[in-house]
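The values are calculated or read from the model by the stated rules, or taken from the named source; none is laboratory data. This one's a predicted model, so the numbers in the text were calculated from it and none came from an experiment. Using ideal geometry, Cβ is built from the backbone for each residue, glycine included, and neighbour counts are taken over all protein chains shown.
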Amino acid sequence: MNTVCQLDQCTGCMACIEVCPKDAIAIKDSLNAYNAEIDSTKCIGCNLCHKICQNNRDIEFVTPIQWHQGWAEDVAVREGGSSGGAASALMRAFVKNCGYVCSCLFQDGEFVFETTNELSELSKFTGSKYVKSSPQGAYKQVKELLQKGEKVLFIGLPCQVAALKLFVGEKLQENLYTADLICHGTPSPKLLGLFLKQYGYAMKDLKDIKFRIKGKFQVREGYKGITTTGVTDSYLISFLNGICYTENCYSCKYARLERVSDITLGDSWGTQLAEDEIRKGISLLLCQTEKGERLLCEAGLKLVKVDLDRAIARNAQLKAPMQRPVARADFFQKISSGKKYNKVIFKLYPKQSMKQWVKGILIKAHLYGGW
């Protein structure tokens, strides 16, 4: 297999596909790993794919100069976010200041990226996505806008931000603003498809997918749970235990305090603020650059002090990648052999699964309120 980077270490950032002049590269998704394969019959040996691949490059990291916890002052914006609505507030302020936003959304059964300068379209970007997404096509759109002198805010995973910056080059970065998300790891979308299939759903038939509403983790179509609403399902159990990520995530070089973006967004887990504020959602914000400071000043955010050591302790991927679970190989072997997702997770995580199963029964019997 002729690959762009080291075997099984592809992040799926898609930069190599974007830069290839001969359409000679395809991402092979083998459930447990991504690989960018080069078609030797099309390749002309220009080496652009190897040069742009972040795994083959030394990435510049920047230490945060500010760190805060906070939330959008606009109540509706805060309510609509997974945590404190910080990403939405940043996007809205940026568009109001005549900029473009590029970020991830669920569309036609896929998690893809789009670019817009319309306030009315920003809601499609909200919410956490606990699955791999594809920025294919987005880098070219962003570069074309920057070449026209437009301002662009890109919000994505750290590996996607690094890929974009390599793609557009240093000369065009003056009007490029970036926000990366604290990422624990991402599974192949094929796994989400296998989970949904158990319940008779196909991703292409769903209009919307949510993975989380504030501190409530469950795969939903809109606000309706795929399983009993109020139960953390087997997909989220596998995600929260880190057993389902692609191989590269366990050696991720972006899982550190130093970042690749202007601003880093996450959840202020372990905050010591009032319980009422926690229920409404609180974001964690790390600021690395002067651009990041400008974004924070313009976003309409309520910012309060945060204990950085405490924040790092509750966001482990600000220190190191997720450790590969011992049972990961067994998980993928069983899934690849055709076993049902629910049964595999029940066997690997019996206590967590049984707790949610009992919870589901009590909710159906109206003996427990759920969410």
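A few points about this structure:
- Residue within segment 96-114 that is without any contact (Cβ under 8 Å) to a residue 40 or more places away in the chain and touching a Phe, Trp or Tyr at 6+ places or on another chain (Cβ under 7 Å) present: yes
- Number of positions in segment 32-89 that are assigned to a loop (DSSP other than H, G, I, E, B), free of Cβ contacts under 8 Å to residues at least 60 places away in the same chain and in contact with a Phe, Trp or Tyr (Cβ under 9 Å, 6 or more places away or on another chain): 0
- Inside segment 94-131, residues that are touching a strand residue (DSSP E or B) at 6+ places or on another chain (Cβ under 9 Å), part of a helix (DSSP H, G or I) and not aromatic (Phe, Trp, Tyr) make up a count of 4.
- Meets criteria (within 30 Å of Ala72 (Cα to Cα), in a helix (DSSP H, G or I) and out of contact with any Gly (no Cβ under 7 Å at 6 or more places or on another chain)) for Gly360: no
- Test: residue in segment 134-147 that is of a type in the set (S, T, N, Q), in contact with a Cys (Cβ under 7 Å, 6 or more places away or on another chain) and either on the phi > 0 side of the Ramachandran plot or not in a helix (DSSP H, G or I) (or both): no
- For segment 322-371, a tally of residues being under 20 Å from Thr229 (Cα atoms) and of a type in the set (A, V, I, L, M, F, W, C) returns 11.
- Condition check for Leu172: more than 15 Å from the chain's Cα centre (by Cα) and in the same structural domain as Cys104 (by TED's automatic domain parsing): yes
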